[in-house]
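Before any comments, here is the structure.
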Amino acid sequence: MDFAHDARTLELRERLLAFMDQHVHPAEPVLEAQLADPARAPWAVPPIVADLRTEAREQGLWNLFLSKQHSLSNGHGLPGGEGAGLTNLQYAPLAEITGRSPQLAPPALNCAAPDTGNMELLAQFGTAEQRERWLRPLLAAEIRSAFAMTEPDVASSDAANIATRIRRDGETYVVDGRKWYITGAMNPECRILIVMGLTDPAAEPHRRQSMILVPRDTPGVTVRRGMKVFGYDDADHGGHAEIHFDGVRVPAANLIGEEGSGFAIAQARLGPGRIHHCMRAIGIAERAVELMCWRTLERVAFGRPLADQGVVQDWIAESRVRIEQLRLLVLKTAWLMDTVGNRGAHTEIQAIKIATPRTVEWILDKAVQAHGAAGVSQDTPLAQLWAGNRTLRLADGPDEVHKRSLARRELRRHREGAAEGGR
């Protein structure tokens, strides 16, 4: 692996850092004021995001997440130029930069979840008609989308438990079920839901599920409420909805891929998404360390600056070591995904999903501690960053599921070695 960024990454990185300094960070207090405006439409994206999007497009910092693998100029029926065509390794350091302001930077660049994963999914698996109707406006940020998988009535950490039913009826499919924590679905700009559900209960476990496109305004789709995350409503990006599907009927052409391909599509969607989440989380950690250093240099306790206290210096040193270790692991994973594919990088993808939220949570905790009461207040971003990062240990599969799979893979390798005459 070459540890140096290539010329294009360096150029984009420089432009993105300038964009953050000149536009994103100054917009953070504007965002807070707009979110607090009583005249604001519920769950609507604050106007400052649209302003930043205009500037980002003009500067060519748009859809940076869309990799070469999913480039729309490679025969997918849409014109080129919609995505940057970067590799995972090229995009990773850019995602880290956006993590320094996670409420503003990713949506400003049209690189925010869940839209990024949904756009990659449609680019890779969607039909020409599906891409034209839904992918094109998503790439232009004219609409938003949501991914409906998690359910309140089953242990969704085992995806085989998903109980929402998708039943074929002539030229339509009928969807019945209940989903929750569907990110972005409260947003009035959310127009399309990608729903995962059961199409064939008698099939092999990993061939029972399928994915289907359900327009949010389809009769029978009821958005019940917005779910909170540690008390935060996350209204800046459309919250996390509980949705009921009662006899929801959509055309059979809305099926993504073929019946029974839901698990395979989900895995293809989640691989790049985990790189994005992890690199943004490293950006969060960098900002936490920065805030911790400034705070401890400014505050005096027991006759000297907090920064001179040994325990604080230990926190800062440990944070730097952990960030550097984590970044190398994530960059290695991105490189493997580019060179040997998601399957070849399976171990590393799971490793970063385990290590990143846990490590960043530790760093955020120390930054909160260094700030005292201010660390848990609304006057710094630390409390909300901690809540979002802690949630990552559940999102896209909890730690324990990834550890289980990782351990099985490691043990299998040794069992195979023993069978071949090894120890």
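Listing for the model above:
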quantity: Per-region count, segment 186-197, residues under 14 Å from Leu213 (Cα atoms) and either open to solvent by less than 30 Å² (accessible area, probe 1.4 Å) or assigned to a loop (DSSP other than H, G, I, E, B) (or both); calculated: 7
quantity: Test: residue in segment 354-364 that is of a type in the set (Phe, Trp, Tyr), assigned to a helix (DSSP H, G or I) and surrounded by fewer than 18 Cβ atoms within 10 Å (Cβ to Cβ); calculated: yes
quantity: The one condition in (1) of a type outside the set (Ser, Thr, Tyr); (2) within 18 Å of Ile316 (Cα to Cα); (3) not in a helix (DSSP H, G or I) that Ala395 fails to fulfil; calculated: (2)
quantity: Residue, farthest from Met186 (Cα to Cα), within segment 36-54, restricted to residues that are in a helix (DSSP H, G or I) and open to solvent by 50 Å² or more (accessible area, probe 1.4 Å); calculated: Thr54
quantity: Matching residues, segment 295-321, being among the polar types (S, T, N, Q), closer than 20 Å to Ala285 by Cα and out of contact with any helix residue (DSSP H, G or I) (no Cβ under 6 Å at 6 or more places or on another chain); calculated: Gln313
quantity: Of all residues in segment 234-258 being at pLDDT below 95 and touching a Gly at 6+ places or on another chain (Cβ under 7 Å), the one that is surrounded by the most Cβ atoms within 10 Å (Cβ to Cβ); calculated: Gly238
quantity: Pairs, first open to solvent by less than 20 Å² (accessible area, probe 1.4 Å) in segment 126-155, second hydroxyl-bearing (Ser, Thr, Tyr), C-beta under 7 Å, six or more apart; calculated: Leu138/Ser145; Ala146/Thr183; Glu151/Thr164
quantity: Segment 283-299, subset out of contact with any Lys or Arg (no Cβ under 6 Å at 6 or more places or on another chain) and under 10 Å from Arg100 (Cα atoms), residue surrounded by the fewest Cβ atoms within 10 Å (Cβ to Cβ); calculated: Glu286
quantity: Among (1) in a helix (DSSP H, G or I); (2) more than 20 Å from the chain's Cα centre (by Cα); (3) within 21 Å of Gly397 (Cα to Cα) - the single one Val312 does not satisfy; calculated: (3)
quantity: Cβ-Cβ under 8 Å pairs, at least 6 apart or on other chains, segment 281-304 side among the acidic types (Asp, Glu), far side surrounded by 12 or more Cβ atoms within 10 Å (Cβ to Cβ) and outside any helix (DSSP H, G or I); calculated: Glu286/Gly99; Glu286/Arg100; Glu298/Pro305
quantity: Pick from segment 55-103, criterion β-branched (Val, Ile, Thr) and modelled with pLDDT of 95 or more, ranking: surrounded by the fewest Cβ atoms within 10 Å (Cβ to Cβ); calculated: Ile97
quantity: Segment 221-244, subset over 19 Å from Ala41 (Cα atoms) and in contact (Cβ under 8 Å) with a residue 40 or more places away in the chain, residue nearest to the chain's Cα centre (by Cα); calculated: Val229
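The values are calculated or read from the model by the stated rules, or taken from the named source; none is laboratory data. Given the structure is predicted, the values throughout are model-derived calculations rather than measurements. Ideal geometry is used to build each Cβ from the backbone, glycine not excepted, and the neighbour counts take in all protein chains shown. When the accessible area is computed, the model is the full protein with side chains, heavy atoms only, and any ligands, DNA or RNA have been set aside. Shrake-Rupley method; radii C 1.70, N 1.55, O 1.52, S 1.80 Å.
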